[in-house]
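J.: This structure is in structure tokens; I'll ask about it shortly.
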């Protein structure tokens, strides 16, 4: 019972692409926190190329880019979320939180039907 | 916009197993409809072995089995959901429906931020 866990994955499909999902949202938050795609990729254990492709998919999915890269300047190459990027991330996180909250009671009742697992030893 | 779609995958993790999820729920419904694991596997495009392993995982995850096989008899080998199997399937489906309903408005607002895709030509 203590080892039961609800997994909720919400994806916004857009044609053949996933415009937003758990990994992309985590990447947006990491870019906002670290100010660069390469640092965000590093903390997430992604290759730079993989992170860049995820950003590219997000940027082409919405009416405007979610991530902008500032070329040159003193901090050259700094990357940040656009206003739309911040809005999309916040809306997606709210949507996920709402889904989780809506099913908490049903989940608890369903989890009570699971058998007990031996406690792990570590 | 018309090509936007909300994808919601809800899994009930139990230790290292997934006790219930979209594929297992579909399999339970197919077993209930067809009265056999092999027929259910066929309609889902799964191998018999894969379907059997999914059933085995479900059966060991809950306090009692969700699927029972009646050996012998005139219809020999008939397979059906137990009372617990029907209950778990219904509860899981209700949980998913509740999550979908809870995020419908947020999803619509998020989808309005997607760019338009060219209509497919088929």
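J.: What is the calculated FRET efficiency for residue B:93 to residue A:29, with r their C-beta to C-beta distance and R₀ = 30 Å, to the nearest 0.05?
T.: Values: r = 32 Å, r/R0 = 1.07.
The pair residue B:93/residue A:29 has a calculated efficiency of 0.40.
J.: Sticking with this one: Report the residue, chosen from B:36, B:47, B:68, that carries the largest GNM mean-square fluctuation when chain B is represented by alpha-carbon nodes joined by springs under 10 Å.
T.: Fluctuation is largest for B:47.
J.: Helix A:22-34 versus the longest principal axis of chain A: what angle, 0 to 90°, nearest 10, using Cα atoms?
T.: So the helix axis and the longest Cα principal axis differ by about 50 degrees.
J.: When you look at the Cβ of every residue in B:105-114, what mean number of other chain Cβ atoms sits within 10 Å?
T.: The shielding value for this peptide is 6.
J.: Using a Gaussian network model on chain B with a 10 Å cutoff between Cα atoms, which of B:12, B:66, B:81 fluctuates the most?
T.: Sorting by GNM fluctuation, first place goes to B:12.
J.: I need the Debye-formula profile for chain A: one equal scatterer per C-alpha, no solvent, reported as log10 I(q)/I(0) at q = 0.11, 0.16 1/Å, two decimals.
T.: -0.50, -0.83
J.: Using a label position 7 Å from Cα in the Cα→Cβ direction, what is the ascending list of nm distances from residue B:86 to the same site in the other copies?
T.: Once sorted, the set of distances for residue B:86 reads 5.4 nm.
J.: What value, in deg cm²/dmol to 500, does the helix sum -39500 (n - 2.57) over DSSP H runs of n ≥ 4 give at 222 nm once divided by the residues of chain A? Before the final figure, lay out the partial values.
T.: Details: 4 runs with 64 residues, N = 122.
Estimated from H runs of four or more residues: -17500 deg cm²/dmol.
J.: What nm distance separates the two modelled labels at residue A:105 and residue B:38, each placed 7 Å from Cα along Cα→Cβ?
T.: Rounded to a tenth, the inter-label distance reads 4.5 nm.
J.: Something else about it: Measure nothing fancy, just the Cα-based angle from helix A:83-111's long axis to the longest principal axis of chain A, in degrees from 0 to 90, nearest 10.
T.: Result, in degrees: 10.
J.: Taking beta carbons within 10 Å but only from partner chains, what does the mean come to for residues A:44-55? Kindly include the intermediate steps, with their values, before the conclusion.
T.: Numbers: counts 0, 0, 0, 0, 0, 0, 0, 0, 0, 0, 0, 0.
Taking all residues of A:44-55 together, the mean is 0.
J.: Send over the semi-axes of the protein assembly as shown's equivalent ellipsoid, whole angstrom and largest first, taken as the square roots of 5 times the C-alpha gyration tensor eigenvalues.
T.: Details: eigenvalues 343, 85, 56 Å².
Values for the protein assembly as shown, descending: 41, 21, 17 Å.
J.: Kindly express, to the nearest 10 degrees and within the range 0 to 90, the angle between helix B:48-61's C-alpha long axis and the longest C-alpha principal axis of chain B.
T.: With both axes taken from Cα atoms, the answer is about 90 degrees.
J.: Can you tell me which of B:107, B:48, B:92 moves the most in a GNM of chain B? Springs connect C-alpha atoms under 10 Å apart.
T.: Of B:107, B:48, B:92, the Gaussian network model singles out B:107 as fluctuating most.
Bear in mind these aren't lab numbers, they're just calculated from the coordinates by the rules spelled out. Note that the coordinates shown come from a computational prediction; the quantities given were computed from them, not determined experimentally. Virtual Cβ from ideal backbone geometry, glycine too; neighbours counted across all protein chains shown.
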